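Chemist: I am attaching a structure below and will ask some questions about it afterwards.
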Amino acid sequence: MPIAHVCVEQAGSSRVDEKRKHPRTEVNEPGYVSSGGSVMHCTIVNISPEGAAIEVENPAFVPHRFRLVMARDASVVYECQVIWSKKTRIGVSFVATA
């Protein structure tokens, strides 16, 4: 029986958020998804140096690659790639630009 207990602990320790190099900071700030001349409002739920989670009204309209623009300071722009999507929440990684 102790083996099963150890397996449960190991399975629980492999959560996605524990694999991140940097913890996410909760921000809940307005932002914009920008791609190909179109702009869509979003809420930036959390952010780290390597990625973010955003909420959008309709994820079907969010392209695989886009720019995330901070509403409070439009000079802050991140090149993003969608990593996962669940209902109206999308997880993105920041892509380095050449």
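Chemist: Per the 1.4 Å probe, what fraction of the accessible area of the stretch 24-98, in percent, lies on carbon and sulfur atoms?
Modeler: Working: 2300 of 4490 Å².
Carbon-and-sulfur percentage of accessible area, whole number: 51.
Chemist: Once label points are set 7 Å from the Cα along Cα→Cβ at both Ser48 and Gln81, what is their separation, rounded to one decimal in nm?
Modeler: 1.7 nm
Chemist: Also: Once you place label points 7 Å from the Cα toward the Cβ at Phe94 and Glu29, how far apart are they in nm?
Modeler: 1.1 nm
Chemist: When Lys and Arg each count +1 and Asp and Glu each count -1, what net charge do the other residues less than 12 Å away from Glu29, Cβ to Cβ, add up to?
Modeler: Details: positive: Arg72; negative: Glu26, Glu55, Asp73.
Taking every Cβ under 12 Å from that of Glu29, the sum is -2.
Chemist: From the Cα gyration tensor of the stretch 57-98, with a ≥ b ≥ c the square roots of its eigenvalues, which class applies: rounded if a/c is under 1.5, or else prolate if a/b is larger than b/c, or else oblate? Kindly include the intermediate steps, with their values, before the conclusion.
Modeler: Values: a/c = 2.35, a/b = 1.39, b/c = 1.69.
Here the stretch 57-98 falls in the oblate category.
Chemist: Follow-up question, since we're still on this one. Determine ³J(HN,Hα), in whole Hz, for all residues of the stretch 83-90 in sequence, where each value follows from phi through the Karplus function 6.51 cos²θ - 1.76 cosθ + 1.60 and θ = phi - 60°; x replaces Gly and Pro.
Modeler: 9, 8, 8, 9, 6, 9, 9, 10
Chemist: Out of the stretch 44-83, which GluC sites (Glu not before Pro) are coil in DSSP terms and have no more than 15 other C-beta atoms within 10 Å?
Modeler: Details: sites: Glu50, Glu55, Glu57, Glu79; in loops: Glu50, Glu57.
Here the sparse-neighbourhood loop sites are Glu50, Glu57.
Chemist: Another one. Quick one: length gained pulling His41 to Ala74 fully straight, 0.36 nm per residue minus the C-alpha distance?
Modeler: Numbers: separation 33, 0.36 × 33 = 11.88 nm, distance 1.29 nm.
Value of the extension gain: 10.6 nm.
The values are calculated or read from the model by the stated rules, or taken from the named source; none is laboratory data. None of the values given here were measured: they were computed from a predicted structure. Note that we place each Cβ from the backbone using ideal geometry, even for glycine, and neighbour counts take in every protein chain shown. Side chains included, ligands, DNA and RNA excluded: accessible areas come from the protein's heavy atoms. Shrake-Rupley method; radii C 1.70, N 1.55, O 1.52, S 1.80 Å.
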